[in-house]
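Written below as structure tokens is the structure these notes are about.
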Amino acid sequence: MDQMIGKIGDVPLVGVTRAGLVENVHRGRICVVSADGGKVIEAHGDVEAKTYVRSTAKPLQAIASLLGGVDRACGWEDRHLAMMAASQRGYPEQMEALGEMLSSSGVPEEALAFHPYKPTASGPRDEWAKEGGKPRKLYHTCAGKHLGMLAWCRLNGWPLAGYTEPDHPSQQEITRRVLAWTGTDESDSAIGRDGCGLPVAAIPMSRIALGYARLACPDAAPDPDAAQAASRVAAAMNRYPDLVEGPGRLASLLLRDPNVVAKSGAQGLFAIGLRRERLGIAIHVSDGTEAAWPYIVMSLLERYGGVEEATMSALTSRFPAALMNDAGAIAGTWKPLV
């Protein structure tokens, strides 16, 4: 383990000061890539080291089933495509869309591979508890992605049992599509298990950035059919930003801007695509914290542009640089270091 940690190749990305002293430093890696040719524009840390794509892969994982016609077969609209790319948190609008996906697909809820859950967000969870709600699989944050895959399996006559296994035909095609979209050779990838039970690829960070550059600029992708499917997912994410994560979440705030496609992933990964600038950005905070993301993202957006003034205003309002204590006084400051 010590040898592996020594090879992470991360650098200081953002710090927190308190009374003039540095209290915390969050290390990690950043890669900015051009959609055209995949040239690395900016890099901090080892951006060729393999990184698990986690939930940033959701829009890319949807490509395979959309090419298979799952949305047409089930009558799904953009709200449902957004849920295929979502890390949902149990808000009523999210649960309504998931319920529609469940009923229109004919997939039984018990086919979902994970255990029953409670809503993730505190507001929906409090309301759920007040009403005496019971845990159910549909509350899982990855339910939309799984429903898309299960509906596609049902459409193809593939077994629903074992749909999370790497050798299942659905997962073989999904992995192939993700690697192709990011321009990653199979030899330069590794497959692990995601938190929701599905196979998850580890690929160089530069390839994650390229994947989001292509998600923002699908005309740069080599496969026109895959580009069309990816474009539909990205457009749905922009049309329904709060379905993708939830009100006040960094990705949802960014998705309100028509120039941006963005998604978070577990354990510190965040990815952005900028349409006008034709750039993809991958950020990985090594300690896995989400709290550092906004300050890194805002610093990069100030450098490269890419968002409207209203978007930046919403970000700075939601994520002020001043660190407030429980008495409402300024106790420290977030400061980007790259």
If I ignore ligands, DNA and RNA and count only protein heavy atoms, how much of Met205 is accessible to a 1.4 Å probe, in Å² to the nearest 10? 0
Hey, can you find the accessible area per residue of region 69-188 for me, probe 1.4 Å, expressed in square angstrom? 46
Spin-label point model (7 Å from Cα, Cβ direction): what's the Asp223 to Ser104 distance in nm? 2.4
If you build the Cα gyration tensor of region 28-79 and take the root of 5 times each eigenvalue, what three semi-axes come out, in whole angstrom, biggest first? 32, 13, 9
Give the Rg (one decimal place) followed by the Dmax (whole number) of region 152-306, computed from C-alpha coordinates and expressed in Å. 16.0, 49
Would you mind telling me the share, in percent, of accessible area of the chain contributed by carbon and sulfur at probe 1.4 angstrom? 50
Against the longest principal axis of the chain, how steep is helix 224-239, in degrees 0 to 90 to the nearest 10, with axes from Cα atoms? 70
Label-point separation (nm) for Glu309 and Ala235, each offset 7 Å from Cα along Cα-to-Cβ? 3.0
What Kirkwood hydrodynamic radius, in Å, does the chain give when the mean of 1/r is taken over all pairs of distinct Cα atoms and then inverted? 20.3
Note down the net charge around Ala180, summing +1 for each Lys or Arg and -1 for each Asp or Glu among other residues with Cβ under 15 Å from its Cβ. -2
Stokes-Einstein at 10 °C, 1.306 mPa s, Kirkwood radius from Cα pairs: D for region 154-244 in µm² s⁻¹? 110
tail above 19 Å in the computed P(r) of region 219-338, as % of all Cα-Cα pairs, reads 50
Would you tally the net charge around Arg278, using a Cβ to Cβ cut-off of less than 13 Å, leaving Arg278 out, and scoring K and R as +1, D and E as -1? +1
Please report how many Lys pairs in the chain have alpha carbons closer than 14 angstrom, counting only residues at least 8 apart along the chain or sitting on separate chains. 8
Nearest 0.05, what FRET efficiency do Asp326 and Val11 give at R0 = 30 Å with Cβ-Cβ as r? 0.40
When the C-alpha atoms of region 1-140 are aligned to their principal axes, what extent does each axis show, in angstrom, from largest down? 51, 44, 29
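The values are calculated or read from the model by the stated rules, or taken from the named source; none is laboratory data. No experiment lies behind these values; they were computed from the predicted model shown. All Cβ positions, glycine included, derive from the backbone under ideal geometry; neighbour counts span all protein chains shown. Side chains included, ligands, DNA and RNA excluded: accessible areas come from the protein's heavy atoms. Shrake-Rupley method; radii C 1.70, N 1.55, O 1.52, S 1.80 Å.
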